[in-house]
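The values are calculated or read from the model by the stated rules, or taken from the named source; none is laboratory data. All values derive from a computational prediction rather than experimental measurement. Because the Cβ atoms are built from the backbone with ideal geometry, glycine has one as well, and the counts that use them run over all protein chains shown.
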Amino acid sequence: MPTEPTAGFSARRRWSGWVNLFLGVAAMLALAAMANYLSHRHYSRWQWAKRLDSRLSQLTQLTLAEISKPVTVVIFYDRRESLYRPILELLRRYGELAPSLHIETVDYELEPARATQIQNRYKLPPNVHDLVLFHSNERTEVVPHSALSQVSPTGQTPDGRIVFERTHFNGERLFTSALAAVSDTNRHRAYFLAGRGTHSFTNTTSWDGYGSLGQRLRQMNLDLQPATLSATQPVPKDCRLLIVAGPRTELDAQEIQRLREYLSAGGRLWMLFHRATRAGLEHLMAEQGVLVGDDLVNDPGNGFGDGSIKFSAFADPQHGIHPAVRALAAQDVSLRLGAPRSISPLPGRAPVKCTQLIATSAQGLAYRQPAPGATNAVLTVDRRGAISVGVAAEKAAPGQDAHLAPRLLVLGDSDCFNNTLLDKEGNSDLAWNMSNWLLDRSHLLAIGPRPIQRHVFSITERERWELMGWLLGIIPAGILAVGSLVWLRRRH
Amino acid sequence: MQAYLTLVRRELAGHFLSLRGYVIMAGVQFLLGASLCITLEALNQKPFDMPITEKMPNTGFFWLILLLVAPVITMRTFAHERAIGTFETLLTTPISDWAVVLAKFTGALAFFLLTWLPALAYPFILTRYVSGMGAVDLGPLASLIIGITMLGSFMMAVGCFASALTKSQIIAAMTSFAICTGVFLLGFISVIRPPWIGSRSELFSHLSMLEHMGDFASGVVDTRHVVFYASLTALFLFFTQKTISLRRWR
C-alpha cells in the first residue's frame, strides 16, 4: 500500500537538524569562551591618551626585574577621582613587566564589603581612603593620595584666597620606592635629633610638626628613630642618616663634638636651620665648607602672601645643577620656604665640594638679623641678588670611595617640611631628593614627577544658552525637519 | 558580494526613506546633547585634569542611548519582514542565509554609527570654551569611537537575533533590551555580591561593560575588550543565522 506523502521533513531529518543545531551552538559557545579565556591570559593594552603615558624609567624597569616574591598591590580608590585612571594604568604597566605583581582595585564607594575586608586585612583606619597599598614579605607600604600629586597656587578667589591646583603626578617615584621597600628586607636606620626645640617627627596634627615627613621617610624603607647626643651617647653606629630639624636652642659643645665625629666617620647629615637661631653650629658648618648667614632672606616679588616665599632650583656656577634638585629644575617646579637664612659655600675649603641648591630670584634680599632682645629694630639690607638658601657638601679624600665620603645637606629653613608646607609646590620632592642623595640612592633621584595638564571650561550664561540651543534644539529639530521633508516627498 | 551590498543599501534606505530613522537620529542627538550639557554644567569654571571623553560614559544618558537605541534600530530587521510577508521571498532568492544576516547586521550597525556621527564635532566645538591645551585629546576620542563601535556591534547582533525570533517588533525590541541590559548588569554582580577574590571576581570584571567603556573612554584599547565584543557579536550572528535556517526544516 503506498504511503501518503508528508508535507515536511522526515523525523530522521528533523532529528539530525536539531543535533546539528545543538552541536553548532555548543561549538560556537566553546569557541567564544576559549577566545575570551586566551585573550584574558595573553592581552595587549595600548594607551592613546597623552595623560596616561606610562612609559617607565629604566630604573623602575630594573627594580621590577629584581622582584622575585609575590607583591600584592591594592588600589583603594574612588574610581571617579581623576588620579584613579593614571594610577591604574601606571600600575598595570608595572604588572606587565613584573608578573609577580598582583593588582587589585577596590572602590570603597561601590564595594563597601570588599573595602572593609581590605581595611581589616591591612589594619587600615576606617576613615582612611584613596591610597595605594603594597604588601609583600609581611610588610605593607601605603602611598596616600596626598603624596601622589604636587599642588601649586594658580590664582586667587574673588575673596582673596589662593587657589591651589595639582601640577605634577608623583606616581612612578612613589610606587617604585614602595616596591623597593616591600621587596627589600634590609631596612636602613635613620635618626632625628630629639630635643633642643627640633620639630617632632611623631606630630602629624599641628602645623609645625614633622609627622608627615616622618611617614614619607618610612615609605622610603627607613626605620626612623630619635637620637639624643651627649658625652656618653654618640650618634648610633647603625645611623645611615641623621636629621637635625630646626633646633631652636643652641646645642652644647658635647653634642656638636658628636656631630663632628659622625661627619668625620663618613656620616650623612641633613641640617635644617630655624630662622631664630644658628644653634651654635656655624663653626661646625664652616669646617664643612658651609657658611650659615646671620640674616633672613626675602624675595619681595615672589611672596605667597602668608609669609612664605617662592624659591627655585639653582645652577651652581662652579658645579652646575646638583642631583638633589635636577628633577625639580627639569620640570621647572618651584619650592616654598618660610623666611630662611642664607646658606652659601665658603670659598677655599678644598677638598669639600660645595654646591648651591636653591636660591631666590635675582631680586632677592638678605636682611641682617636684629641683635637678640632688640625691639623695633630696623631691618637693614645686607645683600641683594640671587641668594642661596641651601647647599650640598661632599668631602671626598683622594682615592676614597664616594660611598664612604661624608655628605651634608644644609637648608636655611626648617618650616618648608612641616605638616603644612610639605605638600606645597615641590617641597615633598625636595625632601625626597635630599634624603635619597644623602642615602646614596642616586638611582631614585632620576625618577621625576610628571606634569598634570589642567583644563578649565569657561562658559558664560549666554554661551551656555547658545550651546544648549544648538545641542538640544537646532540639531535634533534640523534632523527631524529633513526627515519630514523626505517623508512628505515620498508620500506625494 | 553584489547581493550583500544591495541588501545593505536596502536596509539603510529603510531607515533613511522613512520618518522613523530621522526620529531615532534626532532622539540620539538630543540625548547626546543633554549628556554634554550636563557634563559642561558640572565642569564649568572648575579645573579638571581628564579628557572630556572620559566624563561622557559617566552620564546616564550615554548608557540610555546605547541600551535603548539598539533595540529600536534592530527590531524591524527580520520581524518586520516576517510581519509583512517578504521574509519568505527573501529566503527563496539565491542568497545564502549568512549574506542576509550579515547584510541586515551591517545596515543596522552603519545606521547606529551614523546616528552618533554629529557627536564627532562636539570636542572641537568645546575647544572654543576651554583654556589649557589638550582638553580634546584625539587618542581617547579614537578609542571611544572604537569602544562605541564594538559595543554597538554586540548590541546590533543581539537585536538581529531577537528580531529573527519573532514576528512582533515590540517583542523583538523587548527581548533585545532584556539581553543587553542583562549583560550590562552582570558587571555589577561583583559589587552587590559579597567580596570575591580570584577568578570569579576577574570573570565579572571581564564582563563589566562599564569597565570596558571606562578604558575606551580614557584612551586605552585593550585586546580583551575587543575580543569580548567581537566574540559575542559573532556568537549572536551565528544564533541569528541558525534561527533563520531553522525555519527551513523545522
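Tabulated data
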read-out	value
Test for A:Val74: is it touching an Asp or Glu at 6+ places or on another chain (Cβ under 6 Å), within 14 Å of chain B (Cβ to nearest Cβ) and among the β-branched types (Val, Ile, Thr)	yes
So A:Ser54, is it modelled with pLDDT under 85, more than 9 Å from chain B (Cβ to nearest Cβ) and touching a strand residue (DSSP E or B) at 6+ places or on another chain (Cβ under 7 Å)	yes
Failed item, numbered, when B:Tyr4 is tested on (1) more than 17 Å from the chain's Cα centre (by Cα); (2) facing another protein chain (nearest Cβ under 9 Å)	(2)
Helices (runs of 4 or more DSSP H) (entirely within the stretch B:76-157) containing at least 1 residues that are closer than 16 Å to B:Met56 by Cα	B:97-116, B:122-126
The stretch A:234-262: number of residues that are outside any loop (DSSP other than H, G, I, E, B) and β-branched (Val, Ile, Thr)	3
Hits in the stretch A:57-72 (condition: among the aliphatic types (A, V, I, L, M) and at pLDDT 80 or above)	A:Leu64, A:Ala65, A:Ile67, A:Val71
Options B:Thr89, B:Thr93, B:Thr106; residue that is more than 9 Å from chain A (Cβ to nearest Cβ), touching a helix residue (DSSP H, G or I) at 6+ places or on another chain (Cβ under 7 Å) and hydroxyl-bearing (Ser, Thr, Tyr)	B:Thr106
Residue count for the stretch B:10-45, restricted to those that are loosely packed, with under 15 Cβ neighbours inside 10 Å, more than 20 Å from the chain's Cα centre (by Cα) and part of a helix (DSSP H, G or I)	3
Subset of the stretch B:10-47 (residues that are more than 9 Å from chain A (Cβ to nearest Cβ) and in contact (Cβ under 8 Å) with a residue 60 or more places away in the chain)	B:Arg10, B:Glu11, B:Leu12, B:Gly14, B:His15, B:Ile24
Single residue of the stretch A:363-414 satisfying the filter (acidic (Asp, Glu) and touching a strand residue (DSSP E or B) at 6+ places or on another chain (Cβ under 8 Å)) that is modelled with the highest pLDDT	A:Asp413
Of all residues in the stretch A:328-365 being aliphatic (A, V, I, L, M) and surrounded by fewer than 23 Cβ atoms within 10 Å (Cβ to Cβ), the one that is farthest from A:Arg248 (Cα to Cα)	A:Ala330
Looking only at the stretch A:433-445, and only at residues there that are assigned to a helix (DSSP H, G or I) and modelled with pLDDT of 70 or more, the one that is farthest from the other protein chains (Cβ to nearest Cβ)	A:Leu438
Condition check for A:Tyr43: in a loop (DSSP other than H, G, I, E, B), at pLDDT 80 or above and not assigned by TED's automatic domain parsing to the domain that holds A:Asn137	yes
Filter result (farther than 17 Å from B:Thr233 by Cα and either surrounded by 11 or more Cβ atoms within 10 Å (Cβ to Cβ) or at the interface with chain B (Cβ under 7 Å from one of its Cβ atoms) (or both)) within the stretch A:24-51	A:Leu38, A:His40, A:Tyr43, A:Ser44, A:Arg45, A:Trp46, A:Gln47, A:Trp48, A:Ala49, A:Lys50, A:Arg51
Residue within the stretch A:446-468 that is more than 9 Å from chain B (Cβ to nearest Cβ), in a helix (DSSP H, G or I), surrounded by 14 or more Cβ atoms within 10 Å (Cβ to Cβ) and at pLDDT below 90 present	no
Condition met for A:Leu21 (surrounded by 15 or more Cβ atoms within 10 Å (Cβ to Cβ) and outside any helix (DSSP H, G or I))	no
